[in-house]
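The structure follows.
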Number of protein chains: 2
Amino acid sequence: MSDFKDFIGSDKGPQCPRTYILALTDTLNVVSGKWKLPIIAALLRGVSRFKDLLDSTEKITPRMLSKELKELEMNSIVERKVYSQTPVLIEYKLTKSGKEIANVIDSMIDWGMVHRTQVITDGDAVKTS
Amino acid sequence: MSDFKDFIGSDKGPQCPRTYILALTDTLNVVSGKWKLPIIAALLRGVSRFKDLLDSTEKITPRMLSKELKELEMNSIVERKVYSQTPVLIEYKLTKSGKEIANVIDSMIDWGMVHRTQVITDGDAVKTS
DNA sequence: ATGTTCAGTATACAAAAGTATACTGATATT
DNA sequence: AATATCAGTATACTTTTGTATACTGAACAT
């Protein structure tokens with residue numbers, strides 16, 4: 001398993017592997033922003049059509065949904081399939097990697113939960129934006 | 001352990017616990033943006049003074065460093081200590097939670113590494129921004 | 001008295017991310 | 001012929017995020 005603490009162990013010591021930085025950047029691109037996670041959550045629930053994603057992702061506009069789906073597709077998180085039925089059916093679904101991002105989200109939730117209890121028992125405040 | 005897949009299991013079924021969303025939002029606030037992770041990395045290396053953080057976080061301006069440190073302090077990721085020596089010494093250090101965020105970063109790196117190999121063996125492209 | 005270091009702040013601007021609202025074009029239904 | 005549905009696109013914003021450049025003030029050092 002990778003260890004962030006290891007490779008940043010010293011300023012003059014071994015440099016951070018470039019591959020780690022690339023991997024981290026990829027992940028940040030997938031989880032950052034207002035809409036990526038809500039869309040991925042809907043896709044994990046099995047929602048697959050543009051219109052259904054619009055409905056189940058509250059307050060998103062078609063422009064944003066379109067833009068985000070394109071980015072997710074470019075990053076191989078989502079696959080777009082066209083079925084030339086009538087009316088045309090376009091199906092968005094998560095790739096293998098797309099499904100596996102749920103593990104990262106789990107670890108984010110876990111840290112956040114522990115963090116909140118630690119902050120409360122330390123008497124500090126949490127900004128609930 | 002929390003499971004994102006569970007609580008989003010169905011549209012009409014059990015709602016996503018609000019605490020999960022709050023936890024996830026907390027985590028996103030800590031890892032999102034251009035400077036948070038570079039600063040945390042420097043702090044993990046033991047860099048602690050404003051001037052040293054400025055030097056070891058390449059291209060950051062004092063304005064941004066100041067702003068980010070304030071946010072990290074508000075979110076109990078960083079502690080600011082003033083030593084009334086002369087010249088005054090101000091020390092920034094990670095809290096317990098602040099150090100533990102490294103686990104989340106590790107899981108982000110892991111997903112990113114696996115994702116890249118999967119994308120390559122599937123013949124897809126990865127956007128290397 | 002002038003300069004240097006530390007720890008920032010002030011002002012103005014540029015770029016990225018997100019919103020609002022309306023529209024398109026293909027096909028099918030009434 | 002008019003209306004509806006699906007899957008988006010077009011145009012014009014507003015808001016948030018980040019950059020550039022200069023400055024402040026306290027405490028020493030020369």
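Bear in mind these aren't lab numbers, they're just calculated from the coordinates by the rules spelled out. The shown structure was predicted, so the numbers you read here are calculated from the model rather than taken from an experiment. Using ideal geometry, Cβ is built from the backbone for each residue, glycine included, and neighbour counts are taken over all protein chains shown.
Cα centroids of region A:73-129 and region B:33-106: how far apart, whole angstrom?
Comparing the Cα centres of region A:73-129 and region B:33-106, I get a distance of 27 Å.
Also, I was wondering about something else. Can you compute the FRET efficiency between B:Lys67 and A:Lys67 using 1/(1 + (r/R0)^6), with r the Cβ-Cβ distance and R0 = 30 Å? Round to the nearest 0.05.
0.60
Which one of B:Ile77, B:Ile21, B:Ile39 has the biggest mean-square fluctuation once chain B is modelled by GNM with Cα springs under 10 Å?
B:Ile21
Oh, and also: What are the equivalent ellipsoid semi-axes of the protein assembly as shown, built from the alpha-carbon gyration tensor (square roots of five times its eigenvalues), in whole angstrom, biggest first?
Semi-axes, largest first: 36, 21, 16 Å.
Let me ask something additional. Show which aspartates and glutamates lie in cross-link reach of A:Lys5 when reach means a straight Cα distance below 13 angstrom and same-chain residues fewer than eight apart are skipped.
By straight Cα distance, A:Lys5 reaches B:Glu100, B:Asp106.
Counting Lys +1, Arg +1, Asp -1, Glu -1, what net charge surrounds A:Lys36 among other residues with beta carbon under 10 Å of its beta carbon?
So the surrounding residues net to -1.
If you place +1 on the Cβ of every Lys and Arg and -1 on the Cβ of every Asp and Glu, how big does the dipole about the Cα centre of region B:33-121 come out, in debye to the nearest 20?
220
Find which of B:Thr27, B:Thr61, B:Val126 sits farthest along the positive direction of the dipole of chain B, computed with +1 on the beta-carbon of Lys and Arg, -1 on that of Asp and Glu, about the Cα centre.
Result: B:Thr61, furthest along the dipole toward the positive end.
Quick check for me: using +1 on Lys/Arg Cβ and -1 on Asp/Glu Cβ, what's the dipole size of the protein assembly as shown about its Cα centre, in debye to the nearest 20?
Here the protein assembly as shown has a charge dipole of around 700 debye.
Among the aspartates and glutamates, which fall within straight-line cross-link reach of A:Lys99, defined as a Cα-Cα distance under 12 Å, with same-chain neighbours fewer than 8 residues apart omitted?
Counting by Cα, and skipping residues close in sequence, A:Lys99 has these aspartates and glutamates nearby: A:Glu79.
Taking only C-alpha pairs under 8 Å that are 6+ residues apart, what is the relative contact order of chain B in percent?
Dividing the mean separation by the residue count of chain B yields 16 percent.
Counting only other residues whose beta carbon sits under 13 Å from that of A:Trp111, what net charge do I get with K and R as +1, D and E as -1?
-2
Placing the label point 7 Å from Cα along the Cα-to-Cβ direction, what are the distances from A:Leu89 to the equivalent spots in the other copies, shortest first, in nm to one decimal?
The projected label point of A:Leu89 is separated from its counterparts by 6.9 nm.
May I ask you to list the lysines whose Cα is less than 22 Å away from that of A:Lys59, ignoring any residue fewer than eight positions away on the same chain?
Straight-distance partners of A:Lys59: A:Lys34, A:Lys36, A:Lys51, A:Lys67, A:Lys70, A:Lys93, B:Lys12.
State log₁₀ I(q)/I(0) for region A:33-121 at q = 0.17, 0.26 Å⁻¹ as given by the Debye formula over alpha-carbon point scatterers of equal weight, solvent excluded.
-0.74, -1.33
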